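Here the structure is laid out as structure tokens; the discussion comes afterwards.
Bear in mind these aren't lab numbers, they're just calculated from the coordinates by the rules spelled out. Bear in mind the structure is a predicted one, so any value in this text is a computation, not a measurement. Quick reminder, even Gly has a Cβ in these numbers, built from the backbone with ideal geometry, and neighbours come from all protein chains shown.
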Amino acid sequence: IVNSDLFVILLVVLSEATAIFKIMNKYFAIVLLVAAVVAQDEERPKTFRRLIPADVLRDFPGMCFASTKCATVESGKSWELSPFCGRSTCVLADDDSGRLFELVEDCGPLPKANPKCKLSEKTNKTATFPDCCPIFECEEGAKLEYPEIPTVPPPSEETPKPETAKV
């Protein structure tokens, strides 16, 4: 084989590779389009977050008690809430009081019943949060409705603060 033959072989290989690449790009675009359409018909609930006072064991001050793990957790560390779908994080109050809080994240309430929406088989209840949250598939035009969750507004400056007893 002479150099000119190698050059011709290289050109043929490159043209074949280019043709294959164009076909792959075409199929990749189709796959992306299908994924986008499927994703439109699926609905995941939003992640809900709330801050609650942490459980603290008297023998382990300065640490949160993770009841789902039966373990103590340092401030700033997170743990899964399995068998529930959620995650908690131990949070130290930023007012130098030493109080600990638990930032709880979960899937929130289930939507109101809708005959045009079904729980998807893609739901993986054993996955880690937030992938364990339910996925719903709705018929075209159907929308899930979620129950109203009451929230407590932050105290305003005008709201009188309760007096503390003097000992």
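A few notes on this one:
- Peptide ranges 139-149, 61-71 listed from the most packed, as the mean C-beta count within 10 angstrom indicates: 61-71, 139-149
- For the stretch 125-136, putting each phi into the Karplus relation 6.51 cos²θ - 1.76 cosθ + 1.60 with θ = phi - 60° gives couplings of 5, 9, 6, 7, 5, x, 5, 8, 5, x, 10, 10 Hz, in residue order, rounded to whole numbers and with x for Gly and Pro.
- Added length on full extension, which subtracts the Cα-Cα distance from 0.36 nm per residue, LYS116 to SER97: 1.8 nm
- Computing FRET efficiency as 1/(1 + (r/R0)^6) for GLU140 and ARG49, where r is the C-beta to C-beta distance and R0 is 45 Å, gives about 0.90.
- Highest to lowest packing among 108-115, 131-138, scored as the average C-beta count within 10 Å: 131-138, 108-115
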